[in-house]
1. Which ones in the stretch 186-208 are within 16 Å of ligand 1 (Cβ to nearest atom) and in contact with a Leu (Cβ under 7 Å, 6 or more places away or on another chain)?
2. For the stretch 88-104, which positions are surrounded by 15 or more Cβ atoms within 10 Å (Cβ to Cβ) and more than 16 Å from ligand 1 (Cβ to nearest atom)?
3. For SER181, are the conditions met, namely being out of contact with any Gly (no Cβ under 9 Å at 6 or more places or on another chain) and within 16 Å of ligand 2 (Cβ to nearest atom)?
4. Would you pick out the residues in the stretch 209-253 that are within 15 Å of ligand 1 (Cβ to nearest atom) and within 19 Å of ASP284 (Cβ to Cβ)?
5. So ALA160 passes all but one of these: (1) more than 19 Å from ILE126 (Cβ to Cβ); (2) modelled with pLDDT of 95 or more. Which condition number does it fail?
6. Check every one of the strands (runs of 3 or more DSSP E) wholly within the stretch 305-406 and list those with 2 or more residues that are touching a residue at least 60 places away in the same chain (Cβ under 8 Å).
7. Give the residue that is nearest to LEU25 (Cα to Cα), with candidates limited to residues of the stretch 104-137 that are in contact with a strand residue (DSSP E or B) (Cβ under 6 Å, 6 or more places away or on another chain) and more than 16 Å from ligand 2 (Cβ to nearest atom).
8. Output the number of the condition that VAL66 fails; it satisfies all remaining conditions of (1) within 13 Å of ligand 1 (Cβ to nearest atom); (2) closer than 23 Å to LYS245 by Cα.
Amino acid sequence: MSIIFEQVSEEETGSVEPIIRVRNLTKVFGHDPEKALELYRAGRSKQEIFEETGSTVALIDISFEVSRGEIFVLMGLSGSGKSTLLRCINRIIEPTAGEIWIDGKDIVRIDNDELREIRRRKLGMIFQNFALLPHRTVLDNVAFGLEIQGVPVEERHSKARDMLQMVGLGGYEESMPDELSGGMKQRVGLARALTSDPDILLMDEAFSALDPLIRRDMQDELLELQQRLGKTIIFVTHDLDEALKLGDRIALMKDGAIVQIGTPEGILNSPENEYVEKFVADVDLTRVLTAGDVMRRPEPVAQWTAGPRVALHLMEEHDISCIFVVSRQRILRGRVTLDDTVEAVKRGKQLGDILITDVPKVTTTTPLSDIISLVVENPYPVAVVDDAGRLVGSISRGAILAALARKGVDTNATA
Ligand code: ADP
Ligand code: MG
């Protein structure tokens with residue numbers, strides 16, 4: 001089996017150089033874009049402009065950049081211009097005005113040969129309705145792009161097989177599309193887009209037609225694939241939860257314009273206007289916030305080497321009934337309770353004799369939704385540790401409630 005993807009180096013994924021740069025992109029559907037734009041600038045609504053000119057202002061003055069390796073989500077209600085924007089990027093739709101730079105080339109201004117080359121080498125597209133060819137096998141569907149490029153049959157089949165393996169469809173090569181479930185069809189769509197090893201994947205509501213559970217699986221797999229392959233992805237969705245889960249950054253669109261661009265947290269925590277605020281009003285914060293967002297600094301902590309008397313003193317001083325015990329390197333050893341420590345001091349025991357090592361632990365990236373039950377079941381705070389096992393925070397019931405009660409959650413609430 002041939003190795004299809006080169007290992008993506010740290011340097012490449014960590015790079016901030018934009019792979020896509022869109023400048024002042026505008027698209028008007030209809031025969032009098034000038035007139036439509038004139039009316040737009042005069043403050044007329046999309047609907048009024050359509051009634052007067054028959055033209056639709058679908059995109060207006062869109063500017064943004066996407067970094068290499070980023071998942072950039074375009075989110076917005078139906079009709080807000082998401083698909084139009086995505087299709088301008090591979091010029092399936094011709095922009096009315098503006099620039100679209102891909103890897104340093106303005107694709108609005110290149111000739112057809114060059115455009116075809118960029119589409120073939122750099123861009124892969126995945127659609128909501130799968131768009132599989134019904135009379136071809138799964139293998140030939142996946143190999144289709146390479147076939148068009150004139151790649152010999154053995155080579156294209158070999159690549160297509162590798163891609164099917166990668167999306168978990170090994171063994172389905174000879175199946176026909178109508179024998180597959182929706183989730184499997186979309187895996188074929190994904191495999192097909194990946195065969196030409198494009199740098200950029202354009203995904204338009206790719207998971208919107210799938211059942212919720214399958215949809216979630218596909219989201220997880222996409223994240224995992226993206227980690228492995230380091231692709232740049234522009235993902236269109238009207239679903240806020242999906243956007244928050246997948247997006248490194250999200251652009252929220254309304255009536256052909258971008259109303260806010262930000263990280264999921266940024267969009268949730270500081271919506272720039274009422275529209276964004278409304279859009280995010282009923283999102284489940286517990287799925288977005290992580291342990292790192294709500295933890296407090298675990299103070300005080302008892303040093304393993306210090307002994308029960310010091311631990312007791314600290315607990316009395318701070319009026320707490322239990323304390324984390326850490327090693328000199330701040331590695332979490334466990335915790336001791338006030339009652340046990342009082343006993344230990346009386347009877348001359350060591351911390352090791354009363355140490356509870358089986359403490360619930362999470363990492364800073366654990367979502368709140370996974371922590372809530374732990375906190376509810378445990379009378380004592382949950383420990384937050386880093387990859388090396390060092391204690392970095394603690395989460396009490398109060399901290400979670402406080403975080404959820406505040407809408408503009410202070411994401412640095414670690415003190
Ligand atoms: P979204 O993908 O966010 O639902 P679209 O990009 O499909 O939105 O549509 C944006 C606007 O452009 C809508 O008002 C839609 O009716 C209009 N539009 C989209 N495609 C065309 C077209 N081919 N001809 C005319 N109007 C179109
Ligand atoms: Mg659309």
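The values are calculated or read from the model by the stated rules, or taken from the named source; none is laboratory data. The structure displayed is predicted, hence computed values, not measured ones. Methodologically, a virtual Cβ is constructed for each residue, glycine included, from the backbone with ideal geometry; neighbour enumeration extends over all protein chains shown.
1. Step one: filter the stretch 186-208 for residues within 16 Å of ligand 1 (Cβ to nearest atom), giving 202-208.
Within the stretch 186-208, LEU202, ASP204 qualify.
2. GLU99, TRP101, ILE102, ASP103, listed by residue number.
3. It is false that SER181 is out of contact with any Gly (no Cβ under 9 Å at 6 or more places or on another chain) and within 16 Å of ligand 2 (Cβ to nearest atom).
4. Filtering the stretch 209-253 for residues within 15 Å of ligand 1 (Cβ to nearest atom) gives 209, 234-240, 242-243, 250-253.
Correct list: THR237, HIS238, ASP239, LEU240, GLU242, ALA243, ILE250, LEU252.
5. It is condition (1) that ALA160 fails.
6. Working: elements: 322-326, 332-337, 361-363, 382-385, 391-395.
The qualifying strands (runs of 3 or more DSSP E) are 322-326, 361-363, 382-385, 391-395.
7. Checked the stretch 104-137; the qualifying residue nearest to LEU25 (Cα to Cα) is VAL108.
8. (1)
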